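Asks: Below: one structure in structure tokens.
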Amino acid sequence: MTSTRYAFTLLLTDTAMRTRITTLGLGMLGLVTHPSYASAASTDPEVQELTRLVKMQSQQIHELQSRLAKVEKNTVHVTAATHGMAATHTTAQTAQKPFIRSPALYPPPSVARATPVLKSGPEEAVTFAGDEPSQGSPLYLSRHATYPLSPAAPGSFGAISNMPSGSAPVMGVASQIPTSNRSTTIGGLVLKWGKGLPEITTPDNAYSFRMRGRILADYGGAFGSRFPAQNVSRTTLRAARLGVEGNAHQLSWVLEGDYSNNELSVMSAFMTWSDKMAKHLVEYTLGNKFNERSFDGSTGSDQTVFLDRDIVANALLPVKGWYGLGGAFKIFGDNWHVATQISGNDVNTANVTNNVRDDLTYMLRTHYIPWRSKKALIHLGAWGFYEDVKPAASFSQRVRLLARTDDAFGLQFGPMVPLANSMAGGVELFGIWGPAWGLVEYGARHMKLRDTAPGLSLSPRNLGAQGTEQAFSFQTGAFLTGETPNYFAHTGQWATPRVLHPVTEGGVGGWEVAARWDWIDATSIPTGGRAWTATIGVNWYLLSFARLMLNYTHADVTNKTGNYIGPNSGNIVGVRSAVTF
């Protein structure tokens, strides 16, 4: 307080200083009002910012001068005794402290004046691109949901967990829950830190860019099979994926590459346009995209509860596989969504070099949440696909029953007469009760073999044959540490959980226990067999995006063809370290 009074008293008595303040204020006002600078300010952002700063400083100087005039007027009525004491006090203070000039008004002659840092102004709230268009815009529609999606309890709308990694960035980027609520503004861009990497956005989130990927490293030790070749212990890189995603207003895009099974492949490579239709969010997608098919089958490999998806997802799979190059359409409601897709083979197929047509597949999936409360919900879902398969030399299918570290142990039928087409469908029932969850899936696939096959090297006895394979799965689990099950209500699939006590904050992480039973019967298909598996697992989430997994699986299988014919059983203990960013 004493130093403040001293500086203010010095300002009152220093006529030269008051003159400099007045001169500086007039000079700044002249700078702003000069025609050439006014013209530049209308076009140059830096000049606009400098003009704003000058105006602000001019206003501050004007206020200071007004306050100074009032103080000078009041000092006329001060008694002589008070002047004497003030002078004595000022003299004593002057003897103790040297006279210090204000660096802002009296810069040292040997030091250049620092250029002021231009800031972009106050940071705006990051919102969903195009979420609140003007009333004159055709996109101005009322809605029940608010974007970007944010985490919520099971009884409320939207995201219970993180956005699934395979979703469109226009929703996914805005919906990611950062590990720490930190953001940095640099040159008008916002750097939001989450999952160990920065996401670069504009303040209004109209433009964004971030890296994405996953690393899944597995070990498995198999034992108990009557065939020694199936009792193997080995490591494998389930996924080493790296990509980028971003959005420009309502247009978003993803490009990912993956190295697994000693192969480099293109995975997601698509663009999505998000819009509103009849008060609902819709997405139009073109490119190479992951399919929606069953609950587990619609979920990325980094977000399933077990080391591998259930047998409904793994067995009832179209010939083209998990990805397809084509077009997709999605529409979302408060408690439902519908996804459709028409696609051919994915971009890694050999069709281009062999000059053959694609396997054309039509897919549909929908889910509906008929009831929910603050601690529970029920999910109903249905899906289906029809595929027209291109001519081939033969058809065969192998369904892996143990972890991916033991490819030899599985259910196999074929090679047999080429497949002409197939039609599949299934239903889903999922529920949440506090930290516990349960999932039941059933599906069937009816396959028709070709009537004619020129140059067929196999036995023609199965020409025109038909058959159906059926699969069933039941799985359940619970978080021992109180987390909400990692379910994303907006799309009806697994996602990343919100860990309550991450290990990085001194907590115990999130602990989940789970069990699953799978069954498949393909005996109505030529050379088809049957199998069942039982799995128990423990997941330790160090963070929301990093976990360690432990699975034990027992499987029984009867094969009619292949290298391991007849009844057989086996076991495996599998471990995975997984991180998603």
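Conditions (1) open to solvent by less than 60 Å² (accessible area, probe 1.4 Å); (2) modelled with pLDDT of 95 or more; (3) assigned to a loop (DSSP other than H, G, I, E, B), marked per residue:
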position: 192; (1), (2), (3): yes, no, no
position: 204; (1), (2), (3): no, no, yes
position: 209; (1), (2), (3): no, no, no
position: 221; (1), (2), (3): yes, yes, no
position: 225; (1), (2), (3): yes, yes, yes
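Asks: Going through region 286-300 one residue at a time, which ones are of a type outside the set (Asp, Glu) and open to solvent by less than 10 Å² (accessible area, probe 1.4 Å)? Walk me through it before giving the result.
Replies: The initial filter retains those residues of region 286-300 that are of a type outside the set (Asp, Glu), namely 286-291, 293-295, 297-300.
Correct list: 288, 291, 293, 294, 295, 297, 298, 299.
Asks: Would you please list the contacts, defined by Cβ atoms under 9 Å and residues six or more apart or on different chains, that run from a residue in region 399-414 that is touching a residue at least 40 places away in the same chain (Cβ under 8 Å) and charged (D, E, K, R) to a residue that is assigned to a loop (DSSP other than H, G, I, E, B) and surrounded by fewer than 21 Cβ atoms within 10 Å (Cβ to Cβ)?
Replies: Pairs found: 400/407; 404/261; 406/231; 406/232.
Asks: All but one of (1) more than 19 Å from the chain's Cα centre (by Cα); (2) within 30 Å of residue 569 (Cα to Cα) hold for residue 185; state the number of the condition that does not hold.
Replies: All conditions are met except number (2).
Asks: Of the residues that sit in region 509-531 and are open to solvent by less than 60 Å² (accessible area, probe 1.4 Å) and closer than 14 Å to residue 554 by Cα, which one is farthest from the chain's Cα centre (by Cα)?
Replies: 531
Asks: Within region 385-397, is there a residue that is in a loop (DSSP other than H, G, I, E, B), more than 20 Å from residue 314 (Cβ to Cβ) and of a type in the set (Ser, Thr, Tyr)?
Replies: yes
Asks: Has region 438-458 got at least one residue that is closer than 30 Å to residue 495 by Cα, crowded, with 20+ Cβ neighbours inside 10 Å and among the hydrophobic types (A, V, I, L, M, F, W, C)?
Replies: Yes - at least one qualifying residue is present in region 438-458.
Yes/no matrix, rows are residues, columns are (1) over 20 Å from residue 520 (Cβ atoms); (2) among the β-branched types (Val, Ile, Thr):
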| position | (1), (2) |
| --- | --- |
| 249 | yes, no |
| 272 | yes, yes |
| 280 | yes, no |
| 304 | no, yes |
| 320 | yes, no |
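Asks: Hey, another quick one. Could you check region 427-452 and list, in sequence order, the residues that are within 16 Å of residue 311 (Cβ to Cβ) and among the small types (Gly, Ala, Ser)?
Replies: The answer is 443, 444.
Asks: Report whether or not residue 429 is open to solvent by 30 Å² or more (accessible area, probe 1.4 Å), part of a loop (DSSP other than H, G, I, E, B) and aliphatic (A, V, I, L, M). Working first, answer last.
Replies: Working: open to solvent by 30 Å² or more (accessible area, probe 1.4 Å): yes; part of a loop (DSSP other than H, G, I, E, B): no; aliphatic (A, V, I, L, M): yes.
Judged against the criteria, residue 429 is not a match.
Asks: Would you mention how many residues in region 266-321 are among the aliphatic types (A, V, I, L, M) and closer than 27 Å to residue 534 by Cβ?
Replies: 8
Asks: Any idea which residue in region 563-581 is most open to solvent (accessible area, probe 1.4 Å), counting only those that are under 11 Å from residue 409 (Cβ atoms) and of a type outside the set (S, T, N, Q)?
Replies: Restricting to residues being under 11 Å from residue 409 (Cβ atoms) and of a type outside the set (S, T, N, Q), the top hit is 564.
Asks: Can you find, within region 339-380, the residue that is most open to solvent (accessible area, probe 1.4 Å) among those that are under 21 Å from residue 489 (Cβ atoms) and of a type in the set (Ser, Thr, Tyr)?
Replies: Among them, the one singled out is 368.
Asks: Then there is this: Where the second residue is at pLDDT below 90 and open to solvent by 20 Å² or more (accessible area, probe 1.4 Å) and the first is more than 19 Å from residue 383 (Cα to Cα) and of a type outside the set (Ser, Thr, Tyr) and lies in region 341-360, which pairs have Cβ atoms under 8 Å and are six or more apart or on separate chains?
Replies: That search, which allows pairs on different chains as well, returns 351/357; 356/391; 358/349.
The values are calculated or read from the model by the stated rules, or taken from the named source; none is laboratory data. It should be emphasised that the depicted structure is a prediction, and the values quoted were computed from it without experimental measurement. Reconstructed Cβ throughout: ideal geometry from the backbone, glycine too, with neighbour counts over all protein chains shown. What goes into the accessible areas is simple: the full protein's heavy atoms, side chains included, and nothing from ligands, DNA or RNA. Shrake-Rupley method; radii C 1.70, N 1.55, O 1.52, S 1.80 Å.
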